[in-house]
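One structure below.
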Amino acid sequence: MKRVLYTILLLLTVWSGSAQVSGQFRGGNNGQVRPSVDPDRQRAGDNVAPAVDSSEVGRVADDSIYLFFGESLNEDSVPATTAFSVTGPYGSPAVSAVTVAGDTVIIRLASDTYYGDTVEVSYIKPESNPLQDARGNQTASWSGDTATNNVGFVTAYQTVYDAFTTKPSVTQSRYYNRRVKQLVDGGYWARIDIFRFYANHINSAGEAVVNWKNPALYAMTLFNAPTHTPDQGILFNGTTQYGDNNWVPSVSGVNFTQNSASQILYIRTNVSANKGYGTQLNADNKDYYIYPSSFAGNAVIKTNDATNVSIANANGSGLYINTRTAAAVNKLYRNGTAIINGTTASIGVPTHSPYVGAYNDDNVAAGFRADQVAIECWGSGFSEADVIGITTILEAWMDDLGTGVIP
């Protein structure tokens, strides 16, 4: 019996000495890998302060930074938001909430990060509720811990990116993805039928005239080789050059309807001419166009009707949104401010494809303008609040490229 007991004790001793802890490993999107909990720090003699092992942003939510520590933290000791600061490529977003859960600290930001963005997180240990483990070992202050959002593009931009023959650079894609996501999150993207970003990175294979809303539909035809300049747009000569959207609102308009419709143009040049963009002078009187600035210094619109509505406007550059939101409510906004408040009754949606660089007069190009156009969009009617939101996003996009014109 003694020999049996001795054998059992010997086996237990050998097994205990050779046993290994199998830690679970977690990798942040920075490619760092670590055990989720360090078993050595659970021992009674632990006097090691918890420290960040890895971090990630965007995998769960674009506004949340996850900091992973080497041991479990005291969940009852949660620092105030002011203990953390975050900086990134678009400034310093405010920290709106902090959560401690197990070995993870979650920092919620007041604004999103986007694909390709790298943020730096700093922590100043507060006097009350500092980060600490169960034994009271407190995390020291730190600065410059980085995390990069490598999760990927928003679906709306990924579709466009895939359609490009020549892909934009990483930096350009960050700009494009960020602004498209803002249009999606703001609820504007779902209300658009046609969106063209002429200030694209290249146009060697038609990249600058892709319909971003659906690259498989309504490819634009450019006539007489207008000039494309990366980051700026397409310059028309004012005599023969124009683009056909190959999209007839009466046939293919989804969001664009008789009493809810918009035309958006971002124009980088200040030109005065009695000419415009869209459809004009058609026999059925169902026209939609913008004259940004005429020889007389007036902006002129038609909005699913046959009546010219005008207002003094000496500067033809800027972001124009010609919108109808009701049967007898049509407005023209320039740079986010309403300059025309019309009450013209609608007649019907255009039965001709709208042109850019000229207008469509019963399928004949006329009214050519020598403008450089950066963005063109057609969609539903937009309220004043919508217009302000869209203007903010599109101008920020052009400012990303260093070519915005709104003061």
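The values are calculated or read from the model by the stated rules, or taken from the named source; none is laboratory data. Model, not experiment: these values are computed from the prediction. When we count neighbours, we look across all protein chains shown, and the Cβ atoms used for this are built from the backbone with ideal geometry, even at glycine.
Scanning the range 366-384 for residues that are closer than 14 Å to Tyr320 by Cα and not in a loop (DSSP other than H, G, I, E, B) yields Gln372, Val373, Ala374, Ile375, Glu376, Cys377, Trp378, Gly379, Glu384.
A Cβ distance below 8 Å, combined with a sequence gap of six or more or placement on separate chains, defines the contacts here; from the range 73-101, residues that are more than 30 Å from Asp400 (Cβ to Cβ) reach residues that are among the acidic types (Asp, Glu) and not in a strand (DSSP E or B) in the pairs Leu73/Asp103; Val100/Glu75; Ala101/Glu75. In the set (1) at pLDDT below 95; (2) closer than 30 Å to His228 by Cβ; (3) in contact with a Phe, Trp or Tyr (Cβ under 7 Å, 6 or more places away or on another chain), Asp117 fails one condition alone, (3). So for the range 47-67 (the condition being free of Cβ contacts under 8 Å to residues at least 40 places away in the same chain and at positive phi), does at least one residue qualify? Within the range 47-67 (the criterion being free of Cβ contacts under 8 Å to residues at least 40 places away in the same chain and at positive phi), the answer is no, since none of the residues qualifies.
Considering only residues of the range 304-321 that are touching a Ser or Thr at 6+ places or on another chain (Cβ under 7 Å) and either modelled with pLDDT under 95 or among the hydroxyl-bearing types (Ser, Thr, Tyr) (or both), which is surrounded by the fewest Cβ atoms within 10 Å (Cβ to Cβ)?
So the residue we want is Ala314.
The sole residue among Gln258, Gln232, Gln241 that is in contact (Cβ under 8 Å) with a residue 24 or more places away in the chain and more than 24 Å from Tyr333 (Cα to Cα) is Gln241. Of the numbered criteria (1) at positive phi; (2) surrounded by fewer than 19 Cβ atoms within 10 Å (Cβ to Cβ), the one Ala296 fails is (1). Within the group Val98, Val86, which residue is in contact with a helix residue (DSSP H, G or I) (Cβ under 6 Å, 6 or more places away or on another chain), assigned to a strand (DSSP E or B) and at pLDDT 95 or above? Of the residues listed, the single one that is in contact with a helix residue (DSSP H, G or I) (Cβ under 6 Å, 6 or more places away or on another chain), assigned to a strand (DSSP E or B) and at pLDDT 95 or above is Val98.
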